[in-house]
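Participant: Questions regarding the structure given below will be posed in turn.
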Amino acid sequence: MIQRSTLILPNEQAPICLSPRLMQLAAWISRGSKVLDVGTDHALLPIYLVQSGRVKSVIAGDVVEGPYQTAQRNVKMAQLESTVDVRLGSGLSIVEPGEVDTVVIAGMGGGTIAEILDEGRDVLACVKDLLLQPMNAAGRLREALQKHGFVIVDEQMVEESGRVYQLIFAQTSTECLVRAQYQHFMDKDQHWLACEFGPLNLSRREEPFVREAVEASRDHFQGILNRLPVEAGDATTLRREEIARHLSEMESWLKEEHR
Ligand SMILES: C[S@@+](CC[C@H](N)C(=O)[O-])C[C@H]1O[C@@H](n2cnc3c(N)ncnc32)[C@H](O)[C@@H]1O
């Protein structure tokens, strides 16, 4: 589990040491960009970005009072009140369109991140880079990225404290390029698979964790299918059919690897 709201810096001199997950997100941030960290909690990422000189200033937002105060305390302890602007509020609503060009949203459900993007269309229209780390529902999030015209330029699966997280780096693009990114998988009836695990992840078969993630998901869905009653109502039948389609997509991709 990601630790929430408990992290206070040891003292103002101590340099921030990021976890592998946050370190990868930081590595994707272009020098000098105007960054908003949504759901900042401890504000470790914004503090690191300024301390390392990658950016001059950052906006750090959280919708919950406790994490907001933790962020403020950590920023004060790091003596960065003039460069890390901590704001209380939901999603992208705490900035004006054009105020930031890069948005980080990490450590939330994929559905919540998708809603934040939907609700912040005016701000999103001026955003170039999106750095995302969903805790679940990565497929729903990638569908939202397609809808909003963002193409995935890099993806990583990163292990932290025994759990593997999907990290997504997306950039604003054209409808044509966004569609092209998934076309290869659509041609093979693997669109759900590509959304769930990522078109770049799936094309990098040698990467650690990708095959394991697909196998674990296959076993999970097979378990659900085994428990669903065969003789049941329409809703169960539809669910069985949907799971069977997911299983077929995963099995076909796993088999391709052995060619
Ligand atoms: C698990 S923490 C993640 C902290 C940090 N981003 C990380 O990845 O380590 C999730 C944070 O998101 C905040 N949050 C949830 N929904 C939010 C929203 N709609 N807008 C802003 N913050 C939100 C929560 O209050 C919490 O502090």
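Participant: Beta carbons within 10 angstrom, averaged per residue: use that to sort the peptides 210-223, 132-145, 27-40, 87-100, highest first.
Facilitator: Details: 210-223: 14.9, 132-145: 21.7, 27-40: 20.1, 87-100: 17.2.
Ranked from most to least packed, the peptides come out as 132-145, 27-40, 87-100, 210-223.
Participant: What's the FRET efficiency of Ala180 with Ser248 using the Cβ-Cβ distance as r and R₀ = 22 Å, to the nearest 0.05? Don't jump to the answer; show the numbers that get you there.
Facilitator: Numbers: r = 24 Å, r/R0 = 1.09.
Once the sixth-power term is evaluated, E becomes 0.35.
Participant: Right, another one. Between Ala125 and Arg204, with labels modelled 7 Å along Cα→Cβ, what's the label distance in nm to one decimal, could you check?
Facilitator: About 3.4 nm, to one decimal.
Participant: Charges only on Cβ, +1 for Lys and Arg, -1 for Asp and Glu: so what's the dipole of the range 3-132 about the Cα centre, in debye to the nearest 20? Working shown, then result.
Facilitator: Working: 11 positive and 15 negative charges, 99 e Å.
So the magnitude is around 480 debye.
Participant: If I model a spin label as a point 7 Å beyond the Cα along the Cα-Cβ vector, how far apart are those points for Ser82 and Ile224 in nm?
Facilitator: Roughly 5.3 nm, to one decimal.
Participant: Something else now. Per residue, how large is the accessible surface of the chain? Use a 1.4 angstrom probe and give square angstrom. Don't jump to the answer; show the numbers that get you there.
Facilitator: Working: 12610 Å² over 259 residues.
Per-residue accessible area for the chain comes out at 49 Å².
Participant: What is the helix-to-structure angle for 110-119, meaning the angle in degrees between its Cα long axis and the longest Cα principal axis of the chain, kept from 0 to 90 and rounded to the nearest 10?
Facilitator: Taking the Cα atoms of the chain, the angle to 110-119 is about 60 degrees.
Participant: Looking at the chain, send over the antiparallel percent of its DSSP beta bridges, to the nearest 5.
Facilitator: Here the antiparallel bridges make up roughly 40 percent for the chain.
Participant: If I compute solvent accessible area with a 1.4 Å probe over the protein chains, what percent of it on the chain is carbon and sulfur? If you can, show how the numbers build up before the last one.
Facilitator: On the way: 6390 of 12610 Å².
About 51 percent, which is the carbon plus sulfur part of the accessible surface.
Participant: Right, next: Once you've got the GNM for the chain with C-alpha springs shorter than 10 Å, pick whichever of Ala26, Ala60, Ala244 has the biggest mean-square fluctuation.
Facilitator: Ala244
The values are calculated or read from the model by the stated rules, or taken from the named source; none is laboratory data. Note that this is a predicted model, so its numbers are computed, not measured. Ideal geometry is used to build each Cβ from the backbone, glycine not excepted, and the neighbour counts take in all protein chains shown. Accessible surface areas use protein heavy atoms only, side chains included; no ligands, DNA or RNA. Shrake-Rupley method; radii C 1.70, N 1.55, O 1.52, S 1.80 Å.
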